[in-house]
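Please read the structure below before turning to the comments.
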Amino acid sequence: MALAKHWEPHEHEEAIYRRWETAGAFVADATSDREPFTISMPPPNATGTLHLGHSIMLAIEDAMARWKRMAGCEVLWLPGTDHAAIATEAVVIRKLQDEGMADPRGELGREGLVRRIAEFVEESRATIRSQIRAMGSSCDWSRERFTMDQQLNRCVNEVFSRMYRDGLIYRGPRIVNWDPHLQTTVSDDEIYHETRQAKFYTLRYGPFLVGTSRPETKLGDTAVAVHPDDERYKEHVGKTYEVSWPKGPTITVKVVADEEVDPEFGTGCLGVTPAHSMVDFEIAGRHGLAIVQVIGEDGRMTAAAGEHYAGMTVTECRTAFAAELEAAGLLAEVKDYEQAISLCYRSKMPVEPLPKEQWFVDVNKRAVPWKNGLLSLRELMRDAVESGDIEILPEHEQRKYFHWIDNLRDWCISRQIWWGHRIPVWTRNGDDPYVGHTPPDGDGWVQDPDTLDTWFSSALWTWSTLIDPELAQDPSLELPELLAQSPDFQKFHPTAVMETGYDILFFWVARMVLATCYATGEVPFRTVYLHGLVLDRDGDKMSKSKPETSIDPLDTIAEHGTDVLRLSLMLGNAPGKDLKLGKERLIGCRRLINKLWNATKLVLMKVGDERPSGTAPANVTHPMNAWMLTRIDGLVSQVDARFGGWHFGDAAESIRASFWDEFCDQYLEAIKVDELSALDETREVLFHALLTYLKLLHPFMPFVTEHLWAECGAEGMLIRAAWPVSAGRDPKAVAGIDAAVRLISSVNRLRAEQELEPSAKIELTIKARAHAGDLQAASAVIESRVRAASITFVGANDALPEGAAVAVDPEFEAAVALGAADREAMRERLTKQLEKTQKQKAGVDARLANENFVTRAKPVAVERARADAAALATTIAALNERLAAL
């Protein structure tokens, strides 16, 4: 049955995916003796929908998985979804409010709200699952995980308990990033900064001048800090001053000397607000200062700010307090200032540094056994990469990783929300806290109300997903026993590669290194592959406000099919490189798929119903066939090297170039020559080459290649076919045909430059400096490809025909001349063109000779006429030159 006119993805993609799943093509076998290759899919939000960030991740990871599976590895690509605690709870609460529930927390209580969220998540997960399938993702759905699964919760509680026992988790008062909008803490890495125009105030502060961008916080100052070596203030160190703020409290401040103060910045005096700055909190700790909180969790001023200001928002208080300071003569200076505002990346709202009792991970305590020593978590994270146990791609991201570690502070892991892994700590009056993965026996125990930072559970993703779910239900098994007795963990961990966006290197990747090395004694992965952002064609972030350049992956799949989207995200892509994606790129990828479709139709027509074996023939006689086998053999080696070096975009580009330029433009055109097409070996080479291209292209565009593989009558499914293996053919053996291919391209370029009619026959003279025998053996192909009436080979010392256009190559010269009949036809065409151009020139000259036109027309019209006359004169000269050459 002949192929349809076009590839129609919507008629085939779902059925092909079902065939793969039904055949168990994605399922990994933990008992096999094949080399494991594991990818833990970065879990998208369970309530999310597919965006381009997901799409590029899925395209790259699926290319890895399909390549390794075909190469003989036992591939586990483990899918899953994330509970996305803060975002999901906010979405559900908003949904309930829209449905008429004024206070979901108050009306439903904790258990009721968590149940509603869980129901919503379960319904929503089906959406992202179907969209991951739509991308052609060959992940093992039998092992799908969710970050709130029972066995993952067991692992979370085990790690928390163990870290607590090792003194690496503690509860204490610290300055945290508080989001008044979400009413929870957020980690340092969940904050981004935005520069805004603000004011910088200099206050008269007792005997000092103190600068600040947040005068409202000065209502809670308890000290003034100066540098120990600053001679200006030495006499004040150790003294205490009272400062009466207008309509506010009278504060008592102690002058302390601290190395943290920069004497060159501002006045060299720092007003210390321990409750609202991490730096100030640390200064207060060193000097035993009091902590006065003047901003509350609701983002409003507290009673400690004074009756007049209490209840105001931060912004309202800043304006009011500045006005009172100015009225009291306490405002020395106000100037414009660019301020970096800290915003929560989830809510996009400002965060407040506030003092709170929270749970923290200590990153500096040396308590982790690692390589025959005790390291801190910070040191462990550095060693895992510095020692080469983990490679980060691109390399420059490794430097960012080390910089982040060098500036790492203790990690606040508690959140004041209800959806998520609840902190496994129980308290009872008179008893020590109980920490464990199961509740304590007895009555009166109360569990900590906070939940864990989402990144804490996500940090365990590569190995907690491999724990046997049934074993996880046995509370008597300790974590080392769970690991030792879980077949998937033993077979598939450490994972081979973590592929994700460079924008979450610190959010997630670094924390996986921390938690996994600590909990398992192994690195979580061998390689970190960080892809870049997908931008619009102008290099800007995709935005719905620019619909002409914004691309939605689901719309693209609906319009063009999945393979077009995948290929557009892969071609030329590289680790860490942002990708510009425009509609033109999508159309170009569609053309490549059409080219593959049409080439397959031609091949199947040429090979007939009795299909060759698909293997390369052992011996071939025609040099063109030897050339094609050698070129595709070299391509296989090149693609293996590109894939092995994680350069998937370069691999895709190499395959595209070879398929289009060598197979389609050269070989498929060459086999139209009778002497080549008549050979049985040509059928074998042709079919072998096509099947090899289908294999090489399969990781990038799996649907159309799987369909064409079946249309070719090839054995089994392409997803399970063996990856091509290079036979090690010597490219020097076909250097002569390489020269013939270059000669064909050079002569056709001369034809275009000479503007020869497509039907015009040329007389071609070839002077071979090398490979004369191969060029003569390929003369029939050359004659057909360049539309030559005759080919003459001359010796190295012979002259080429006079007046011929000549192409020069280090290995040949090729002279192009027209035959007598075509030369006469060319002379006639050029003569007509010359006469027409001369008439146009005469008309323009007449206008310019007309005094009325020159004096009355607009200057721009006169200049245009003169430019036209000059251009026509140039054309006439060129036509005369070409006629003379004929």
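The values are calculated or read from the model by the stated rules, or taken from the named source; none is laboratory data. These numbers were taken from a predicted model, which means no experiment stands behind them. Using ideal geometry, Cβ is built from the backbone for each residue, glycine included, and neighbour counts are taken over all protein chains shown. Accessible surface areas use protein heavy atoms only, side chains included; no ligands, DNA or RNA. Shrake-Rupley method; radii C 1.70, N 1.55, O 1.52, S 1.80 Å.
For the residues HIS12, HIS51, the requirement of being under 29 Å from ASP650 (Cα atoms), open to solvent by 60 Å² or more (accessible area, probe 1.4 Å) and either touching a residue at least 24 places away in the same chain (Cβ under 8 Å) or among the polar types (S, T, N, Q) (or both) singles out HIS51.
Determine whether region 213-228 contains at least one residue that is touching a strand residue (DSSP E or B) at 6+ places or on another chain (Cβ under 8 Å), under 17 Å from LEU331 (Cα atoms) and part of a loop (DSSP other than H, G, I, E, B). Yes, region 213-228 has at least one match. Applying a threshold of 7 Å to beta carbon distances and a minimum spacing of six or more residues, or different chains, the list of pairs starting in region 304-330 at a residue that is among the basic types (Lys, Arg) and ending at one that is part of a helix (DSSP H, G or I) reads ARG318/PRO215; ARG318/GLU216. For region 130-171, how many residues are open to solvent by 10 Å² or more (accessible area, probe 1.4 Å), in contact with a strand residue (DSSP E or B) (Cβ under 9 Å, 6 or more places away or on another chain) and either without any contact (Cβ under 8 Å) to a residue 24 or more places away in the chain or of a type in the set (Gly, Ala, Ser) (or both)? The total comes to 0.
Which one is nearest to the chain's Cα centre (by Cα) among residues in region 555-571 that are open to solvent by 10 Å² or more (accessible area, probe 1.4 Å) and among the hydrophobic types (A, V, I, L, M, F, W, C)? Among them, the one singled out is LEU571.
Determine, yes or no, whether GLU391 is at pLDDT 95 or above and either open to solvent by 60 Å² or more (accessible area, probe 1.4 Å) or touching a His at 6+ places or on another chain (Cβ under 9 Å) (or both). Spelling it out, GLU391 is indeed at pLDDT 95 or above and either open to solvent by 60 Å² or more (accessible area, probe 1.4 Å) or touching a His at 6+ places or on another chain (Cβ under 9 Å) (or both). On the stretch given as region 721-732, residues that are exposed (fewer than 13 other Cβ atoms within 10 Å of the Cβ) and of a type in the set (Lys, Arg) total 1. Here GLU675 clears all of (1) open to solvent by 60 Å² or more (accessible area, probe 1.4 Å); (2) under 28 Å from LEU565 (Cα atoms); (3) in a helix (DSSP H, G or I) except the condition numbered (2). The numbered conditions (1) open to solvent by 40 Å² or more (accessible area, probe 1.4 Å); (2) closer than 16 Å to LEU800 by Cα; (3) touching a Leu at 6+ places or on another chain (Cβ under 8 Å) are all true for ARG769 except (3). Looking across ASN619, ASN625, one residue alone is part of a helix (DSSP H, G or I), of a type outside the set (D, E, K, R) and closer than 15 Å to LEU679 by Cβ. It is ASN625.
Looking at region 331-384 only, could you name the residues that are modelled with pLDDT under 95, surrounded by 17 or more Cβ atoms within 10 Å (Cβ to Cβ), aliphatic (A, V, I, L, M) and in a loop (DSSP other than H, G, I, E, B)? Correct list: VAL351 only. Scanning region 83-108 for residues that are in a helix (DSSP H, G or I) and either touching a Ser or Thr at 6+ places or on another chain (Cβ under 8 Å) or exposed (fewer than 15 other Cβ atoms within 10 Å of the Cβ) (or both) yields a total of 12. Those residues that are in a strand (DSSP E or B), aromatic (Phe, Trp, Tyr) and touching a residue at least 60 places away in the same chain (Cβ under 8 Å), I need them from region 407-446; list them, please. Passing the criteria: only TRP411. Residues that are out of contact with any Ser or Thr (no Cβ under 9 Å at 6 or more places or on another chain) number at least 2 in the following helices (runs of 4 or more DSSP H) confined to region 479-582: 479-485, 510-520, 553-560, 562-570. Of the residues screened, GLU802 is not one that is on the phi > 0 side of the Ramachandran plot and free of Cβ contacts under 8 Å to residues at least 24 places away in the same chain. Screening THR267 against (1) of a type in the set (S, T, N, Q); (2) open to solvent by 60 Å² or more (accessible area, probe 1.4 Å); (3) part of a loop (DSSP other than H, G, I, E, B) leaves a single unmet condition, (2). With respect to being open to solvent by 10 Å² or more (accessible area, probe 1.4 Å), of a type in the set (Val, Ile, Thr) and in contact with a Phe, Trp or Tyr (Cβ under 6 Å, 6 or more places away or on another chain), THR520 fits the description.
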